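Below is one structure; the comments refer to it alone.
The values are calculated or read from the model by the stated rules, or taken from the named source; none is laboratory data. What you are looking at is a predicted structure, and each value in this text was computed from that prediction instead of being measured. Neighbour counts run over all protein chains shown; Cβ positions are idealised from the backbone, glycine included. Please note that ligands, DNA and RNA were not included when accessible areas were found on the heavy atoms of the full protein model with its side chains. Shrake-Rupley method; radii C 1.70, N 1.55, O 1.52, S 1.80 Å.
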Amino acid sequence: MSERVQFATRVGAIAASVGSAVGLGNIWRFPCEAGEHGGGAFLLIYLACVLLMGIPVIVAEFVIGRGTHRNVSGALQQLAPGKKFHWLSWMWITASLMILSFYSAVCGWIVEYLIQAASGHMSGLTLEQYHERFNAFVANPWRCSLWTVLFLLINYYVLRHGVKRGIERVANVMMPLLFIILIILSVKALTLDKAAEGIRFLFTPDFSKITPRVVIGAMGQAFFSLSLGLSCLLTYASYFNNSNRLVRSATIIAVLDTVVAVLAGIVIFPAVFTYGMTPQEGPTLVFEVLPAIFQQMTGSYVWNLLFFILLFFASLTSTISMSEISITFFSEEYKMSRNGATALNTGIAVVFGVLCALSFGVLNDLRIFGLTLFELFDFVSSNILLPAGGIFFSLFVGWYVDRRFVRDQLTNFSTVTPRVHGIIGFCMRWVAPVAITIVFLYGLFGH
Ligand code: TRP
């Protein structure tokens, strides 16, 4: 077992995990959700979800991954020999491929916008024209498919280089750059005329907007944003070495992920208010409203370009982590070569990614339960499989796995004493599973 690869450095391990967590969920989805659901009030509930459910479930995944140094199926076979738990791996493999597919459809749009921004074709239009342009683009089968495939090939290229030379190296370069770009953009946003209004919108709690539905949205958002419940962080933790402090790493990841989400809000809302737009734009915010806003600033070329580079980095480090789940699984459980497993992962994602990309155009009428393929994959994976995985991991580590094993992982074999040990254990056994179950049932049947 000691032959297995590990991340070369602790910083690299954290960079890779933060890279997984920070993605479209932070920059694209969080600002929309917060904007629609009560600003500061949403933020408070989101923080509570991160603390009470997010961190305990990250720690649970870390304990399994780092303690066994195996893929999710191998890990469950080792921790529960002779039991059937490891069959659940198929659920996570399927879910990870579903998320990878619809996620890469959006990544295809990012490639398109990145190219447009770089070649200077993003300027000079009105909001109305950006709207038309976006609709025309997503309805164009060839361009969308082409960019989705291109993105997946870049993803493939990185993954082929393996854990240290691919995943870790890319994270070590892209994550610091991502933070730098985000800070430049937020400083710029704060100098805009109506920055204060945007900041107030983001941080003033409006509790009248908080409904059970919003609480559930906040939890779903926390899970998606922290890459939880799919054995993604479990897989990365299987490459951690034994000196990595799991509770500390989990906290760093949760904090940085939240910081990025809030910074993205700080970039977006001051601009939205300054240029007289409304914040309730939903998903089109990033692809229509922001270009229209950048367009009115001096140096719009640079702001556009920086923003889409930011999105590109954030999403690439995330798709890498989703792919790694099935790559490790296929190569370790089915004795495939890493290259073969990577090709298999990319092949599946290309087929379903293109189908998802087309569901905004030619395949829009192909409906299953009234949802397009894109919406179906999103719904099934984010609303059902992710929380189900979260419940499983917290219960499994909280109640089933040998106490000594868990303690050894949390204390690095009694060499460190995490101060919040007891709280984490309590949240893992009680708070997280109960809260996730309530939210999960409500999400399925409550409306
Ligand atoms: N966390 C990423 C984001 O915010 C998406 C992501 C990466 C993910 N890996 C995951 C979501 C695993 C769920 C499970 O965009």
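Tabulated results
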quantity: The listed residue being open to solvent by less than 20 Å² (accessible area, probe 1.4 Å) and either under 30 Å from His86 (Cβ atoms) or within 16 Å of the ligand (Cβ to nearest atom) (or both), out of Val272, Val260; calculated: Val260
quantity: Checklist (1) within 16 Å of the ligand (Cβ to nearest atom); (2) crowded, with 17+ Cβ neighbours inside 10 Å; (3) β-branched (Val, Ile, Thr) applied to Val354, failing item; calculated: (1)
quantity: For Tyr236: the one exception among (1) closer than 11 Å to Phe62 by Cβ; (2) more than 10 Å from the ligand (Cβ to nearest atom); calculated: (2)
quantity: Any hit, the range 345-367, residues being in a helix (DSSP H, G or I) and charged (D, E, K, R); calculated: no
quantity: Among the candidates Phe377, Phe369, residue that is surrounded by 20 or more Cβ atoms within 10 Å (Cβ to Cβ) and among the hydrophobic types (A, V, I, L, M, F, W, C); calculated: Phe377
quantity: Flag if Ser227 is open to solvent by 10 Å² or more (accessible area, probe 1.4 Å) and outside any helix (DSSP H, G or I); calculated: yes
quantity: Single residue of the range 295-306 satisfying the filter (part of a helix (DSSP H, G or I) and surrounded by fewer than 24 Cβ atoms within 10 Å (Cβ to Cβ)) that is nearest to the ligand (Cβ to nearest atom); calculated: Leu306
quantity: Scan of the range 353-391 for residues that are under 21 Å from Gly220 (Cβ atoms) and either acidic (Asp, Glu) or without any contact (Cβ under 8 Å) to a residue 12 or more places away in the chain (or both), ordered by number; calculated: Ile368, Phe369, Gly370, Leu371, Glu375, Leu376, Asp378, Phe379
quantity: Within the range 115-126, considering residues that are at pLDDT below 95 and open to solvent by 70 Å² or more (accessible area, probe 1.4 Å), the one farthest from the chain's Cα centre (by Cα); calculated: Thr126
quantity: All helices (runs of 4 or more DSSP H) inside the range 1-89 with 2 or more residues being polar (S, T, N, Q) and surrounded by fewer than 24 Cβ atoms within 10 Å (Cβ to Cβ); calculated: 72-79
quantity: Residues of the range 399-447 that turn out to be among the polar types (S, T, N, Q) and either surrounded by 12 or more Cβ atoms within 10 Å (Cβ to Cβ) or in a helix (DSSP H, G or I) (or both), as a count; calculated: 4
quantity: Residues satisfying the stated conditions in the range 19-61, i.e. farther than 15 Å from Asp257 by Cβ and within 15 Å of the ligand (Cβ to nearest atom); calculated: Cys32, Ala60
quantity: Enumeration of residues in the range 404-445 that are β-branched (Val, Ile, Thr) and either touching a residue at least 12 places away in the same chain (Cβ under 8 Å) or more than 23 Å from Pro387 (Cα to Cα) (or both); calculated: Val406, Thr411, Thr415, Val416, Thr417, Val420, Ile424, Val431, Ile436, Thr437, Val439
quantity: Test: residue in the range 92-105 that is open to solvent by 50 Å² or more (accessible area, probe 1.4 Å), farther than 30 Å from Tyr301 by Cα and part of a helix (DSSP H, G or I); calculated: yes
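Conditions tested, residue by residue: (1) farther than 22 Å from Ala189 by Cα; (2) out of contact with any Cys (no Cβ under 8 Å at 6 or more places or on another chain); (3) at pLDDT 95 or above.
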site	(1), (2), (3)
Leu228	yes, yes, yes
Thr235	yes, yes, yes
Val259	no, yes, yes
Ala264	no, yes, no
Met277	no, yes, no
Leu311	no, yes, yes
Ile320	yes, yes, yes
Ser326	yes, yes, yes
